Amino acid sequence: MPPTRRRDTPPPRTGNSETETLRDFLDYLRTSMAAKVDGAPEPGVRTPGVPSGTNLLGLLNHLTHVERAMFLGDEVTDWQATFQAAPTDTASDVLTRYRDAVEEANKVLDACTDLAAPIPRPGRPAPSVRWALTHMIEETARHAGHADILREQLDNTTGR
């Protein structure tokens, strides 16, 4: 059966500033990652596609925790555990939590006007806004690549 090709959103054009460019690329990748999970069938969305146990819901759950830790100051004590969604979570539940985390993170970023300043994380050392954005681009892109393969294995759907 030939792959089902989703309509892709192209990457952003060059921004007017470094901040705009970084934020636009991060938002592009966030949207792409959410699209990998959106509409994926149960139970396949939580079925491991590789021997490590990686699955679509787990990847999105992990990225939710990364967003919350990086931009909202949440502390994660067991990163490995974030790669699994709860058995009672639906794809819709995990997608909603991810989109909510992104929305909250963007509110924090909206207040950050200096890329060299630390991310406002009370009580914990924080990287610069520039480093945090660059790391989140790398982290989200890496897992979106994993999700590309898992989604194609799951239901033959391809696309960004």
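Some points to look at:
- 3J(HN,Hα) couplings calculated from phi for segment 78-86 with the Karplus curve 6.51 cos²θ - 1.76 cosθ + 1.60 (θ = phi - 60°) are, in sequence order, 9, 4, 4, 5, 6, 7, 10, 7, 5 Hz; Gly and Pro show x.
- Sequence-distant residues sharing a close amide H with Thr158 (under 5 Å, placed H): Thr4, Arg5, Arg6
- Over all directions, the projected convex hull of the C-alpha atoms in the chain averages 9.9 nm² in area.
- Residues whose placed amide H lies under 5 Å from that of Asp74, excluding near-sequence neighbours: Ala69
- The magnitude of the dipole of the chain, with charges of +1 and -1 set on the Cβ of Lys/Arg and Asp/Glu and taken from the Cα centre, is near 280 debye.
- Carbon plus sulfur fraction of accessible area for segment 16-158, probe 1.4 Å, in percent: 55
- Mean residue ellipticity, 222 nm, helices only, the chain: the sum of -39500 (n - 2.57) across DSSP H runs of n ≥ 4, divided by residue count and rounded to 500, is -18000 deg cm²/dmol.
- When nucleic acids and ligands are ignored and a 1.4 Å probe is applied, Arg130 ends up with an accessible area of around 90 Å².
- For the residues Arg46, Arg99, Arg23, a GNM of the chain with alpha-carbon springs under 10 Å puts the largest fluctuation on Arg99.
The values are calculated or read from the model by the stated rules, or taken from the named source; none is laboratory data. Note that the structure is predicted; figures quoted are calculated from it, not measured. Note: ideal-geometry Cβ built from the backbone for every residue, glycine included; neighbour counts use all protein chains shown. What goes into the accessible areas is simple: the full protein's heavy atoms, side chains included, and nothing from ligands, DNA or RNA. Shrake-Rupley method; radii C 1.70, N 1.55, O 1.52, S 1.80 Å.
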